[in-house]
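Worksheet for the structure shown next.
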Amino acid sequence: MAAWTLPAKIADWIRFLSAGLDRRSRRYLPRLALGMILSSGRRTVSRWLRAAGVADDWRDHYHFLQTLGRSAGRVAFQLLLLAVRQIPASHVGPYVTLAIDDSPTKRYGPKVQLAGIHHNPTPGPSGSEFLYGHVWVTISWLVTHPRWGCIGLPLRALMYARRKDLQVLENLGRAPWAFRTKLELAAELVEWCVVLFQNWFDRPVLVVADGAYAKRPFLSRVTKSGAIVVSRLRKDAALFDLPEPAPARRRGRPRIYGQNRLSLSRRGGHRHGWTQARMTLYGVEQTVTFKTFLATYHPAGGVIRVVIVKRTEQLFADSPADWVAFFCTDPNVSAPTIIAAVADRAAIEQNFHDVKEVHGSGQQQVRNVWCNVACWNLCLWLHTLVELWSWRRSATTLTQRADRPWDDPSRRPSHADRLNTLRKQVLRESFSRLPRLQRSKRKIQALFKALTRLAT
């Protein structure tokens, strides 16, 4: 079997990530990463091991996944430290932007630990409202590439399990953790990131979340950590006006919320008060029509800035209404910044697509709960490593679409293009290490290039 080797930079980075593991387990991570890069088809753990050339010690790698799942927080810390060192400070922007969301993975079989019935966000043609599997609350760091726009770097994920699913393992005395809601898991991830980023960057942290996370348990914990939250508002949100200034000699604490209820529907339907601005959203420069005002909101614990945006074909096309509303827990943040942050949140949705379609998350066919945690986080970490590896490379190096004349040459390189480029470099460097007599013939070189194109 061919002795494939990782490129020097990727090997150094994986060695850096393994510093968060026990010394006896560090040697397994590079081999798993190599198998993940080279594997194709259905990406089960066995296919990872076959691609990496693992033979006799395959059981040790399965045991290593349990260790990795329990140590995922320490490895994620090393990954975050690596990302901070590789991303230039000029690409971060005025805010350190984080995106939080959850995504399910389908599983089959009654003996998969902590698998349960969850809401299906993408029903598809079958229209299935629920699915059986796991749900992963994930956090990504959103950074701006100078040529390709906003890119999400997944950092860490926590598994959400229903209380009734945890009860099964609690009865057996093998519950891995106590029950926590999605809001609590998301707040824990944000608090973990905020502490680290505040030590490295002298900039405020801005968290962009889906409307499902615009609730008091999440907002109160995140705002106490010092972060700013941007999220979506319901059309029937209970908004109130600003409180009147208290008299100078009045005793007691001043009012936090106003007494008059504000109707978001009336504000959005009113014809006056709209402002237009040219903005670049989703990679397209367009005119955005919006209006903004201050209000008080009980789940946010005080004053918020509300932004109402008129829907267009290019902007928020998934909304059936003529307008959509967002809010920010910091009233000093400008409306264009809020709108741009909401548009950048699409990067984490792209992360979920890439880790499932490109890296095959959810296909690993492992039953142990810590093995499942390790496999999902491994796919997230490999996604981030591929993005960091290709950050300073040109688009012509990463795309290589000469055999696809129907493709748009101006389209930015996809994550699959970047992974294929890395896979080619692994094969090319492994071939270059062969003795010169074995690789000097032109026919052998031409055959190798053709096989490389087929393999990637």
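The fraction of accessible area contributed by carbon and sulfur in the chain is 50 percent, rounded to a whole number (1.4 Å probe; ligands and nucleic acids excluded).
Scalar couplings 3J(HN,Hα) for the range 225-240, obtained by applying the Karplus form with A = 6.51, B = -1.76, C = 1.60 to θ = phi - 60°, are 6, x, 8, 9, 10, 10, 8, 9, 9, 5, 5, 9, 4, 7, 9, 10 Hz; x denotes Gly and Pro.
Between residue 412 and residue 357, the modelled labels are 1.6 nm apart [label points 7 Å from Cα along Cα→Cβ]. Given R0 = 35 Å, the distance between the Cβ atoms of residue 350 and residue 163 translates into a calculated FRET efficiency of 0.65. One quarter of the surface of the convex hull around the alpha-carbon atoms of the range 1-153 equals 12.3 nm², the direction-averaged projected area.
Filter the chain for me: DSSP H helices, axial length by Cα at least 24 angstrom, mean Kyte-Doolittle hydropathy not below 1.0. List them by residue number.
Numbers: long enough: 182-200 (27 Å, 0.71); 369-389 (30 Å, 1.09); 415-432 (26 Å, -0.93).
Length and hydropathy pass: 369-389.
Quick one, which of [x] 24.5, 94; [y] 23.5, 89; [z] 21.3, 77 is the actual Rg and Dmax of the Cα atoms in Å calculated for this model? Here the calculated entry is [x]. Computed extension gain for residue 251 through residue 429, at 0.36 nm per residue and net of the alpha carbon distance, reaches 56.5 nm. Size descriptors for the range 67-154, from the alpha-carbon set: Rg then Dmax equal 17.3, 49 Å. The figure for residue 426 is an accessible area of roughly 0 square angstrom, using a 1.4 Å probe on the protein chains alone.
Can you work out the accessible area per residue across the chain, with the rest of the protein chains kept in place, probe 1.4 Å, in square angstrom? Working shown, then result.
Details: 23110 Å² over 456 residues.
That works out to 51 Å² per residue.
DSSP finds beta bridges in the chain, and of those with both partners inside it, around 85 percent are antiparallel. Under the criterion of Cα pairs below 8 Å and six or more residues apart, the relative contact order for the range 5-159 equals 18 percent. Amide H contacts under 5 Å for residue 412: none, restricted to partners 5 or more places along the chain or on a different chain, H placed in the peptide plane at 1.01 Å from N. Within the chain, the longest segment free of exposed loop sites, counting GluC sites (Glu not before Pro) that fall outside DSSP classes H, G, I, E and B and have at most 12 other Cβ atoms within 10 Å, spans 130-312. Dividing the summed helix terms, -39500 (n - 2.57) for each DSSP H run of n ≥ 4, by the number of residues in the chain produces a 222 nm estimate of -12500 deg cm²/dmol to the nearest 500. Neighbours of residue 166, meaning other residues whose beta-carbon lies under 12 angstrom from its beta-carbon, give a summed charge of +3 when Lys and Arg score +1 and Asp and Glu score -1. For residue 302, the residues whose modelled amide H falls within less than 5 Å of its own, excluding neighbours fewer than 5 places apart on the same chain, are 297.
Before anything else, pin down the relative contact order of the chain: Cα pairs under 8 Å, at least 6 apart, normalised by residue count, whole percent.
17
Short to long, the 10 Å bins of the Cα pair-distance histogram for the range 152-304 hold 8, 25, 29, 24, 10, 3, 0 percent of all pairs.
The values are calculated or read from the model by the stated rules, or taken from the named source; none is laboratory data. Everything quoted here is computed from the prediction, not taken from an experiment. When we count neighbours, we look across all protein chains shown, and the Cβ atoms used for this are built from the backbone with ideal geometry, even at glycine. Please note that ligands, DNA and RNA were not included when accessible areas were found on the heavy atoms of the full protein model with its side chains. Shrake-Rupley method; radii C 1.70, N 1.55, O 1.52, S 1.80 Å.
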